[in-house]
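*Asks:* Structure in structure tokens, see below.
Any read-out appearing in this document is the output of simple, stated calculations on the displayed coordinates, not a laboratory observation. Given the structure is predicted, the values throughout are model-derived calculations rather than measurements. Counting neighbours? That spans all protein chains shown, and the Cβs are built from the backbone with ideal geometry, glycine included.
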Amino acid sequence: MEKTLFFIKPDAVKRNIVGKILKIVEEEGFKIVQLKMLRFSKKTASNFYAIHKRKPFFDDLIKYITSSECVASVLGKENAVNELRKLVGETDPLKSPPGTIRRCYGTDIQRNAVHASDSVENAKIEISIIFGE
Ligand code: CMP
């Protein structure tokens with residue numbers, strides 16, 4: 001079973017929609033293999049998003065991700081990485097297809113409710129950063 005890293009961002013946690021979002025992923029056939037609530041430190045967030053270091057939105061992204069609690073999970077399913085990307089939608093909620101998590105629950109391109117790994121390789125790296133394995 002392929003694994004991917006999924007986390008619910010501060011905007012969605014604050015809006016009390018953690019249960020709703022986890023219900024959607026479970027109903028779509030993902031197994032919750034690991035689950036925890038965490039507050040990203042600046043160091044962990046910068047490491048997690050290292051690929052965006054030179055982007056103009058990097059500092060704001062780190063501020064936002066470390067601003068309050070997130071709910072992180074390892075999800076398992078056949079073809080989990082691609083299947084979850086489809087369910088999550090595009091980075092910008094407004095450009096996400098109807099029915100996707102970001103279209104339904106995202107606020108804007110930064111506060112887009114959730115994160116999902118974009119490749120099997122990155123899923124392994126992201127799982128090790130957050131769950132330490
Ligand atoms: P995520 O898929 O977690 O990966 C990088 C994050 O940076 C992204 O979701 C958004 O939260 C944020 N992001 C990406 N592009 C932009 C942008 N153009 N402006 C602001 N934030 C962005």
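*Asks:* How many residues, within the range 34-56, are of a type in the set (K, R), out of contact with any helix residue (DSSP H, G or I) (no Cβ under 7 Å at 6 or more places or on another chain) and in contact (Cβ under 8 Å) with a residue 24 or more places away in the chain? Before the answer, list the steps.
*Replies:* As a first pass, look at the range 34-56 and keep what is of a type in the set (K, R): 36, 39, 42-43, 53-55.
Still in the running and out of contact with any helix residue (DSSP H, G or I) (no Cβ under 7 Å at 6 or more places or on another chain): 36, 39, 43, 53-55.
Next cut, in contact (Cβ under 8 Å) with a residue 24 or more places away in the chain only: 36, 39.
So the answer is 2.
*Asks:* Please work out which residue is surrounded by the most Cβ atoms within 10 Å (Cβ to Cβ), limiting yourself to the range 21-76 and to residues that are closer than 21 Å to D11 by Cα and of a type in the set (F, W, Y).
*Replies:* Ranking the qualifying residues of the range 21-76, first place goes to F40.
*Asks:* Mind counting the residues in the range 24-45 that are closer than 20 Å to D118 by Cα and part of a helix (DSSP H, G or I)?
*Replies:* Within the range 24-45, residues that are closer than 20 Å to D118 by Cα and part of a helix (DSSP H, G or I) number 5.
*Asks:* Go through the range 4-23 residue by residue and tally those that are in a helix (DSSP H, G or I) and either hydroxyl-bearing (S, T, Y) or within 14 Å of the chain's Cα centre (by Cα) (or both). Reasoning before the result, please.
*Replies:* Filtering the range 4-23 down to residues in a helix (DSSP H, G or I) leaves 10-14, 18-23.
Now narrow it down to the ones that are either hydroxyl-bearing (S, T, Y) or within 14 Å of the chain's Cα centre (by Cα) (or both): 10-13, 18, 21-22.
Here the count works out to 7.
*Asks:* Name the pairs: first residue in the range 91-115 and buried (at least 18 other Cβ atoms within 10 Å of the Cβ), second residue of a type in the set (G, A, S) and not in a loop (DSSP other than H, G, I, E, B), Cβ to Cβ under 7 Å, at least 6 apart or on different chains?
*Replies:* Listed pairs, sorted by first residue: Y105/A12; A113/A12; V114/A12.
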